[in-house]
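Working notes, structure below.
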Amino acid sequence: MSAQLIDGKKIAADVRAEVAVGVQEMKERSRVTPGLAVVLVGDDPASAVYVRNKQRAALEVGMDAQDVRLPGDTSQEQLLGHVESLQSSPGFHGILVQLPLPDHIDERAVLDALDPLKDVDGLHPENMGRLAGGRPRFVPATPLGIQQMLVRTGRDPDGKRVVICGRSEIVGKPVALLLMQRAYGANATVTVCHTRTRGLAGITRQADILIAAIGSPASITADMVKEGVTVIDVGVNRVDAPERKSGYRLTGDVDFDGVSEKAAAITPVPGGVGPMTIAMLLHNTLTAARLAVNG
Ligand code: GUN
């Protein structure tokens, strides 16, 4: 079998167009422009690209967007001060602090300090707790994007066996919670695997839908999947490519060539999950603005 490609760019463009309509309606009805603040500490090149793309995408759908870039030696207190002043501004309905943060900053302290009603990343413990408790408010953007890719291509996870490789707070854990909700686009039987999992391939071979969020290239190989699986590759790994001007290329966590021989459908890297993450961040920001306007 040669897998069908799940085109994240196309689906993300559809979502962004829907968000743009919502933004326009809000401007006309309430005279409010949804606003997003994005905070980056340090000069990690990959993070800088993500932050620029988030800001650009927000502006493109008609939102206000500001990115705040702070030097790598910014103290935790200084960062908390910036977060407080941005989120107390009524012009910003959503705020996110790009992760990872430099080692001298306690990431949890920063997430705890976010206003849960403006936490469009869905990483504040209140929003995580609501998701775990079956009352989601803001769901992290990558899990939401994965769900939308499945649903919008006719691959509703309802009743399917979903295997997730990776237990991060930002992808693995929330996507497990999301897809096991008693709700449309969910109702899956979910298994989460991680670095301490024994007999990994025996578990991944049971997956109807396999979500790879491991963080190392080509970790899922053809022998680890069954025929007809749907594969969602969350990995974004830089690997050396001396023939390229940049000196690197992006590759996922899945051995794309091998796995796509067996899979029914697969997301490419780049052009799969990445664009969806940004689109769903915009969706969450519009939701935050609606919460502020309508209560
Ligand atoms: N770093 C990588 N992905 C994300 C994300 O979705 N949100 C934040 N805040 N940082 C990230």
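Structural remarks
- Taken over segment 109-157, the criterion of being over 18 Å from I95 (Cα atoms) and in contact (Cβ under 8 Å) with a residue 60 or more places away in the chain is satisfied by G145, I146, Q148, M149, L150, R152, T153, R155.
Residues checked against (1) within 15 Å of the ligand (Cβ to nearest atom); (2) under 22 Å from L291 (Cα atoms); (3) not aliphatic (A, V, I, L, M):
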| residue | (1), (2), (3) |
| --- | --- |
| E28 | no, yes, yes |
| A37 | yes, yes, no |
| G42 | yes, no, yes |
| P45 | yes, no, yes |
| R56 | no, no, yes |
| L59 | no, yes, no |
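- Of all residues in segment 119-139, those satisfying the criterion of being more than 13 Å from the ligand (Cβ to nearest atom) and either at pLDDT below 95 or part of a loop (DSSP other than H, G, I, E, B) (or both) are G133, G134, R135, P136, R137.
- Residue match in segment 61-69 (condition: more than 16 Å from the ligand (Cβ to nearest atom), surrounded by fewer than 18 Cβ atoms within 10 Å (Cβ to Cβ) and basic (K, R)): no
- Scanning segment 94-141 for residues that are buried (at least 22 other Cβ atoms within 10 Å of the Cβ) and at positive phi returns a single hit, G122.
The values are calculated or read from the model by the stated rules, or taken from the named source; none is laboratory data. Here the structure is a predicted model, which is why all the values come from computation and not from measurement. Every residue, glycine among them, receives a Cβ derived from its backbone with ideal geometry; neighbour counts consider all protein chains shown.
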